[in-house]
Amino acid sequence: LPGGRYYGVNFSDGHPQLIHGQPLGDGDWGNFSAGVFKGIGQRHFFNEQEIRTLYRNFKIVDIQLQRQTSLEHNNRGHEELIVIAEHP
């Protein structure tokens with residue numbers, strides 16, 4: 001709908017859990033040997049340009065990089081791109 005807002009959380013291609021997976025191409029990763037993605041199959045991880053391309057028909061209000069890192073455990077942590085966009 002015109003004027004509608006979208007709020008989305010997308011895994012970033014800088015996600016620290018990627019050290020446990022294998023790149024499958026085009027931002028897709030799989031075969032995670034450990035970490036939070038182990039046993040879930042394939043996942044997609046986005047970069048900023050990909051987000052801008054996907055939402056090119058929307059007005060991007062903001063793109064935020066959210067990063068959480070554990071200082072005690074290197075197999076924990078998250079990195080996401082948060083997208084806030086409006087339908088013109």
Being open to solvent by 30 Å² or more (accessible area, probe 1.4 Å), under 23 Å from Gln64 (Cβ atoms) and not in a strand (DSSP E or B) is the filter here; which residues of segment 36-53 pass it? Val36, Asn47, Glu48, Gln49, Glu50, Arg52, Thr53
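Inspect all residues belonging to segment 18-30 and state whether any of them is in contact with a helix residue (DSSP H, G or I) (Cβ under 9 Å, 6 or more places away or on another chain), open to solvent by less than 50 Å² (accessible area, probe 1.4 Å), free of Cβ contacts under 8 Å to residues at least 60 places away in the same chain and not hydroxyl-bearing (Ser, Thr, Tyr). Show your work before the answer.
Keep residues of segment 18-30 that are in contact with a helix residue (DSSP H, G or I) (Cβ under 9 Å, 6 or more places away or on another chain), which gives 27, 29.
From the residues that got through so far, the ones that are open to solvent by less than 50 Å² (accessible area, probe 1.4 Å) too are 27.
When the remaining residues are screened for being free of Cβ contacts under 8 Å to residues at least 60 places away in the same chain, the result is 27.
Still in the list and also not hydroxyl-bearing (Ser, Thr, Tyr): 27.
Among the residues of segment 18-30, at least one is in contact with a helix residue (DSSP H, G or I) (Cβ under 9 Å, 6 or more places away or on another chain), open to solvent by less than 50 Å² (accessible area, probe 1.4 Å), free of Cβ contacts under 8 Å to residues at least 60 places away in the same chain and not hydroxyl-bearing (Ser, Thr, Tyr), which makes the answer yes.
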How many residues does segment 63-74 contain that are open to solvent by less than 60 Å² (accessible area, probe 1.4 Å) and touching a residue at least 12 places away in the same chain (Cβ under 8 Å)? 1
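Output the residue which, of all residues in segment 54-88 that are in a strand (DSSP E or B) and of a type in the set (Gly, Ala, Ser), is farthest from Leu18 (Cα to Cα).
Quick first cut of segment 54-88, residues in a strand (DSSP E or B) only: 59-69, 77-86.
Checking the rest, the ones that are also of a type in the set (Gly, Ala, Ser) come to 77, 85.
Values: Gly77: 11, Ala85: 27 Å.
Among residues in segment 54-88 that are in a strand (DSSP E or B) and of a type in the set (Gly, Ala, Ser), the one farthest from Leu18 (Cα to Cα) is Ala85.
Regarding segment 3-15, can at least one residue be identified that is assigned to a strand (DSSP E or B), within 14 Å of the chain's Cα centre (by Cα), exposed (fewer than 14 other Cβ atoms within 10 Å of the Cβ) and modelled with pLDDT of 95 or more? Before the answer, list the steps.
Taking segment 3-15 and keeping what is assigned to a strand (DSSP E or B), we get 5-12.
The next check asks that each one be within 14 Å of the chain's Cα centre (by Cα); those that pass are 7-12.
Restricting the remaining residues to those that are exposed (fewer than 14 other Cβ atoms within 10 Å of the Cβ) gives 7, 9.
Filter once more, so that each one left must be modelled with pLDDT of 95 or more: 7, 9.
Yes, there is a match, as at least one residue in segment 3-15 is assigned to a strand (DSSP E or B), within 14 Å of the chain's Cα centre (by Cα), exposed (fewer than 14 other Cβ atoms within 10 Å of the Cβ) and modelled with pLDDT of 95 or more.
The values are calculated or read from the model by the stated rules, or taken from the named source; none is laboratory data. Just so we're clear, the structure is a prediction, and the values are computed from it rather than from any experiment. Methodologically, a virtual Cβ is constructed for each residue, glycine included, from the backbone with ideal geometry; neighbour enumeration extends over all protein chains shown. The area values use the complete protein model at the heavy-atom level, side chains included, leaving out ligands, DNA and RNA. Shrake-Rupley method; radii C 1.70, N 1.55, O 1.52, S 1.80 Å.
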